[in-house]
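The values are calculated or read from the model by the stated rules, or taken from the named source; none is laboratory data. Remember, predicted model here, so these are calculated numbers, not experimental data. Neighbour counts are summed over all protein chains in view; Cβ atoms, including those assigned to glycine, are modelled from backbone coordinates with ideal geometry. Note: areas computed on protein heavy atoms with side chains; ligands, DNA, RNA excluded. Shrake-Rupley method; radii C 1.70, N 1.55, O 1.52, S 1.80 Å.
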Amino acid sequence: MAQTSLVMHILAASIQVANRAGFIIRDVMSKGELGIVEKSKNDLQTEADRSAQRSIIASLSHQFPQIKIIGEEGQSNLSDIPSDWLISDQDVEFLKNSCPNKYQNLTDEQTSSIVVWVDPLDGTNEYTQGFLEHVTVLIGLSMNEEAIGGVIHQPYYKRDSGEIGRTIWGLKGLGVGGFEPIDIANDDGKFVVTTTRSHSNEVVRSALDALKPTEILRVGGAGYKVLQLLEGKAHAYVFASPGCKKWDTCAPEAVLEAHGGKLTDILGNHYLYGANVSHPNKMGVIASAKSVNHQNVIDLIPDNVKDTMRS
């Protein structure tokens, strides 16, 4: 494998691996034995989470043994992986793209800084409640602590052809693929915000009220919320809470910013995605579509909300 295109190869493999994870998620649901475990209050884990993560980490570890991989479900048992869960191929169509110059001729330091962040099933609560369109598989790629690339797979997306499942990718400096992004109008007096479906509180509501949205879309999963921005359904994604973690935002941030949008904390700072960072996104999430001035959204968040998040 040529080191000059290591980033491209990791993303090409992640596309294929995410597709397999989506199949596993659908398979667990079809069998009806979800194997639900409550990790903490309002934080569930299912057999689909566990199995999808085993497939993803085993496959990527096999192809890229030198790369650090961090999964939401902690250490996975990689023994006795079913042979059809172990993916060794890479997406040929993606590899036809030219690798951006910044990811060619990587130094040893750059290569050693690469981290893959895995959320095998983003939107577990929604999965258990039947809101299947909210479910995504997230595989994010960081280098030098910056989210640079990612894959968002939708296991239950219904194509016009009748096929189920869709995989979206993004790489900073290259763009996005797997779908046709739609840039929402920003001059018609409307301001649509997407936010949490099930994890609201007084601080979250205060931030939303300050934005004076004309419509609020309450959906599950960070991946699905960012898709609302990429598909022209919302102007901003606002979550003034420390509830999500690095594996929730690495892939969505990279894909959104590859298209010209932006994702930061509520102060406007990008999160760091190095191997040794803390996992919680303690300062919440603000994301904006390509056509939206991100700083304008940040400025609308009240100081008391920002102070509460800091404390």
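Put a dot 7 Å past the Cα of residue 291, heading toward its Cβ, do the same for residue 83, and the two dots end up 5.2 nm apart. Applying both filters, DSSP loop and at most 16 other Cβ atoms within 10 Å, to the trypsin sites (Lys or Arg not before Pro) of the stretch 122-182 gives 159.
Of all DSSP beta bridges in the stretch 1-140, what percent run antiparallel (nearest 5)?
On the way: 7 of 11 bridges.
So the antiparallel bridges in the stretch 1-140 amount to around 65 percent.
In this structure, the amide hydrogen of residue 168, modeled 1.01 Å from its nitrogen in the peptide plane, lies closer than 5 angstrom to those of 152, 153, 154, counting only residues at least 5 positions away or on a different chain.
Counted as membrane-span-like here are DSSP H helices of the chain whose alpha-carbon atoms extend 30 Å or more along the helix's own axis and whose Kyte-Doolittle mean is 0.5 or above; these are 6-31.
Out of the DSSP beta bridges found with both residues in the stretch 169-303, what percent are antiparallel (nearest 5)?
For the stretch 169-303, the DSSP antiparallel bridge percentage is about 60.
For residue 217, the amide hydrogen comes within under 5 Å of the amide hydrogens of 193, 194, 195, counting only partners 5 or more places away or on other chains and with H modelled in the peptide plane. With a ≥ b ≥ c the root eigenvalues of the C-alpha gyration tensor of the stretch 189-269, is it rounded (a/c under 1.5), prolate (a/b larger than b/c) or oblate? Oblate, since a/c reaches 1.5 and b/c is not below a/b.
Working from label points 7 Å from Cα in the Cα-to-Cβ sense, the residue 269 to residue 160 distance is 4.6 nm.
The modelled label-to-label distance for the pair residue 31/residue 101, using points 7 Å beyond Cα in the direction of Cβ, is 5.1 nm. The separation of the stretch 241-279 from the stretch 75-107, counted between C-alpha centres, amounts to 22 Å.
What is the sum of charges, Lys and Arg at +1 and Asp and Glu at -1, for the other residues whose Cβ falls under 11 Å from the Cβ of residue 170? Before the final figure, lay out each step's value.
On the way: positive: 172; negative: 253, 257.
Residues close to residue 170 contribute a combined charge of -1.
Entry comment: accessible area of the chain is 43 Å² per residue, from protein heavy atoms only and a probe of 1.4 Å.
Within the stretch 115-273, what is the number of lysine pairs with alpha carbons under 22 Å apart, leaving out pairs fewer than eight places apart on the same chain? Eligible lysine pairs with Cα atoms under 22 Å apart amount to 20.
Net length available on complete extension from residue 182 to residue 205 is 5.5 nm, with 0.36 nm assigned per residue and the Cα-Cα distance removed.
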